[in-house]
Amino acid sequence: MNIRKILTILAVFLGCGLLVGWAQSWEQIRQVSAGVNTLQAGFVQRKHLKILSRPLVSEGRFYFRSPDALRWEYLSPVRSVLLLNKGSVKRYIQQNNRLVEENQNSAQVMKFVLPEIAAWNRGNFDSSPTFSASLKPGRKSRILLTPKDKGMRAMIQAIEITLSEKPGEIDTVRIIESDEAYTVIEFKNVRTNQRLDDILFSTG
């Protein structure tokens, strides 16, 4: 799995109790995120390429449990599962009607990326060693993440996160790879602070 595919695996952070236009500072985002112990949602991912008349569409679901347990699961068109739990990273892909663990080379790359995702779920956007972050407040505030490393910038130009008017919720994540390719992830049926079984983060 290349780093561009992995970087489409983004999670969201949620909370409650603030007004529209709530995301006026990084501290507010962290405060909202601190109230979220677990998070689950469905998602639709659309990858746009200039050479295609229609985007490539994937659907799935994800689960997050503070501080660093994450399951990102594609259900269609091909089922696959990414797991992060206590620093351990695994990836499974469906083969012959069962999930098979992929090789360690893929896992090594994911070890670099998935901790970033877990940090974002906790609202820690502005302290990343990998991305520079800027916050643009407004009716629908936006967070813009740009890679600090020149090599990564050759694969990913920027990640734009648009926040919902609903306190703490994310509308979309847009990953800009180049002038000819970008991916948009939309979230649905978001639920917070419900019990998540350990097995979700320990098996494909």
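The values are calculated or read from the model by the stated rules, or taken from the named source; none is laboratory data. The structure displayed is predicted, hence computed values, not measured ones. Note: ideal-geometry Cβ built from the backbone for every residue, glycine included; neighbour counts use all protein chains shown.
List of remarks:
- Per the conditions (1) modelled with pLDDT of 70 or more; (2) buried (at least 17 other Cβ atoms within 10 Å of the Cβ), the sole criterion not satisfied by residue 8 is (1).
- Check on residue 56, closer than 23 Å to residue 174 by Cα, of a type in the set (A, V, I, L, M), in contact with a strand residue (DSSP E or B) (Cβ under 9 Å, 6 or more places away or on another chain) and free of Cβ contacts under 8 Å to residues at least 60 places away in the same chain: yes
- Evaluation of residue 51 against the conditions (1) more than 16 Å from residue 173 (Cα to Cα); (2) of a type outside the set (Asp, Glu); (3) at pLDDT below 70 shows that the sole unmet condition is (3).
- Residues (under 18 Å from the mean Cα position of the chain (by Cα) and surrounded by fewer than 19 Cβ atoms within 10 Å (Cβ to Cβ)) located in segment 143-152: 144, 146, 152
- Residues that are surrounded by 17 or more Cβ atoms within 10 Å (Cβ to Cβ) and modelled with pLDDT of 75 or more, drawn from segment 116-141: 131, 133, 135, 141
- For segment 157-187, residues that are modelled with pLDDT under 85 and more than 19 Å from residue 136 (Cβ to Cβ) total 1.
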